[in-house]
1. Tally up the residues in region 140-173 that are in contact with a Leu (Cβ under 7 Å, 6 or more places away or on another chain) and buried (at least 23 other Cβ atoms within 10 Å of the Cβ), please.
2. Quickly run through region 344-379 and pick out the residues that are closer than 16 Å to residue 321 by Cα and among the aliphatic types (A, V, I, L, M).
3. I'd like the full set of residues that are among the aromatic types (Phe, Trp, Tyr) and either farther than 24 Å from residue 240 by Cβ or touching a Cys at 6+ places or on another chain (Cβ under 6 Å) (or both), limited to region 102-156.
4. Could you look through region 329-359, keep only residues that are open to solvent by less than 70 Å² (accessible area, probe 1.4 Å) and part of a helix (DSSP H, G or I), and pick out the one that is nearest to residue 289 (Cα to Cα)?
5. Tell me which of these residue 391 doesn't satisfy, since it passes every other one: (1) farther than 20 Å from residue 304 by Cα; (2) charged (D, E, K, R); (3) surrounded by 13 or more Cβ atoms within 10 Å (Cβ to Cβ).
6. Which residues, counting only those in region 197-229, are under 21 Å from residue 395 (Cβ atoms) and either open to solvent by less than 10 Å² (accessible area, probe 1.4 Å) or among the polar types (S, T, N, Q) (or both)?
7. Are there strands (runs of 3 or more DSSP E) fully within region 1-87 with at least 1 residues that are open to solvent by 30 Å² or more (accessible area, probe 1.4 Å) and of a type in the set (Lys, Arg)? List them.
8. When you look at residue 278, is it at pLDDT 90 or above, assigned to a helix (DSSP H, G or I) and surrounded by 24 or more Cβ atoms within 10 Å (Cβ to Cβ), yes or no?
Amino acid sequence: MTKTVDAYVKKVDNGSITTPKGFYAGGYAAGIRYTHKKDVGIIYSSTKANAAAVYTQNAFQAAPIQATKDSIAKESKIQAVIVNSGNANACTGETGLQDAFMMRKLTAEKLGVAEHLIAVASTGVIGEYLNMEKVAFGIKNIGYIASKEGADDFQEAILTTDTFPKSSCYELVIDGKKVIIAGAGKGSGMIHPNMATMLGFITTDANVEAKALQNVLREVIDVTFNQITVDGDTSTNDMVLVMANGEAGHSPLSEDHPEWKVFKEGLKKVCEDLAKQIAKDGEGATKLIEVTVKGAKTKKEANIIAKTIVGSSLVKTAVYGKDANWGRIVCAAGYSGADIDPDRITVYLGQLLLFHNGLPVPFSEEEAKEYLSGDEIAITVILNSGEAEGKAWGCDLTYDYVKINASYRT
């Protein structure tokens, strides 16, 4: 390739999870917890798709995650995913596990496929049992179509405290064939993935070997979904699932394929788009914060520092208060656990230099306040200790976050 990998990946502005060949989606209002919105969603592939997933590292893994793990373990293939919102089906014991497997069974019967070809996801309140009568009614009546409308219905069905749906779609070319990678996600609070409640569903008509798909998903998530934080809480239900049905018609992709890097870049862009949208939609948030750390010894250290800064409650509240308090930024970098030299650190807020080689720099408070009045804030920290770079995304911490979470169950 003479062009960069990035040049082979093109954003599809009006694309959705149904844009890849062979994918259908839908949503239905079953009244599980809400009376005003769809709360059961489905994604369906007309053919079996190679599947890969990454799950929450929380010790309390919700029942639907266990059902999905069981499905993928059979042959690393999935043909549909069924999702409900309003109830996480977490910390519900044997009853919850039976309910998750019943969701799988009912969906399989509806579609006429084997049970292990169904993945299950739930999001909502922890510690309450599902109303399976309503869930079953929703599964029985849900429709699915290969259109943007179907994708929009699915996206509505998976939302909880989110204020907007999250989606992304990219087009690339493999072996001369057009390939689409698309994603839908949800997440607004309890977001600090370590693979909040955070769910991501990615569809692609690429032909990707199952093992390679799992490896690349884990690798991409480390620099996208795992680099966002809203409130430092890792949910019981976090999951990112990829379905690759191969209908684009190119030769099988693996790490040895000459255009593997193109597929990887497309997947990364979809995941990064979804991750940033989730960070921007943090409960009560008014601003997206992007922290870039440059000049680190290793990429791992750069990522750790970036996520520590963007996750600092003091940094988040300073951004909300339009206060260019660089002391909170360098303090967070200092307690990140990474190996840094305080005398070599430089900090920028947007293009405004605040701190250089370990010392404060005079700057215009008015200019800083004006910049912090925007809805996207960039913080850059230069360590001058190496060549590695990392990014992380989060949001400001507002009064509304407390209001939303103080009355979440009511």
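1. 3
2. Across region 344-379, the qualifying residues are 349, 368, 372, 377, 378, 379.
3. If the condition is that a residue be among the aromatic types (Phe, Trp, Tyr) and either farther than 24 Å from residue 240 by Cβ or touching a Cys at 6+ places or on another chain (Cβ under 6 Å) (or both), then 129, 137 are the ones that fit.
4. 329
5. Every listed condition holds for residue 391 apart from (1).
6. If the condition is that a residue be under 21 Å from residue 395 (Cβ atoms) and either open to solvent by less than 10 Å² (accessible area, probe 1.4 Å) or among the polar types (S, T, N, Q) (or both), then 197, 198, 199, 200, 221, 224, 225, 226, 227, 228, 229 are the ones that fit.
7. In region 1-87, 9-11, 40-55, 77-87 are the strands (runs of 3 or more DSSP E) which contain 1 or more residues that are open to solvent by 30 Å² or more (accessible area, probe 1.4 Å) and of a type in the set (Lys, Arg).
8. For residue 278, the condition - at pLDDT 90 or above, assigned to a helix (DSSP H, G or I) and surrounded by 24 or more Cβ atoms within 10 Å (Cβ to Cβ) - is not met.
The values are calculated or read from the model by the stated rules, or taken from the named source; none is laboratory data. Note that the structure is predicted; figures quoted are calculated from it, not measured. A quick note on method: Cβ atoms are made from the backbone with ideal geometry, for glycine too, and the neighbour counts reach across all protein chains shown. In case anyone asks, the SASA skips ligands and DNA or RNA and just uses the protein heavy atoms, side chains included. Shrake-Rupley method; radii C 1.70, N 1.55, O 1.52, S 1.80 Å.
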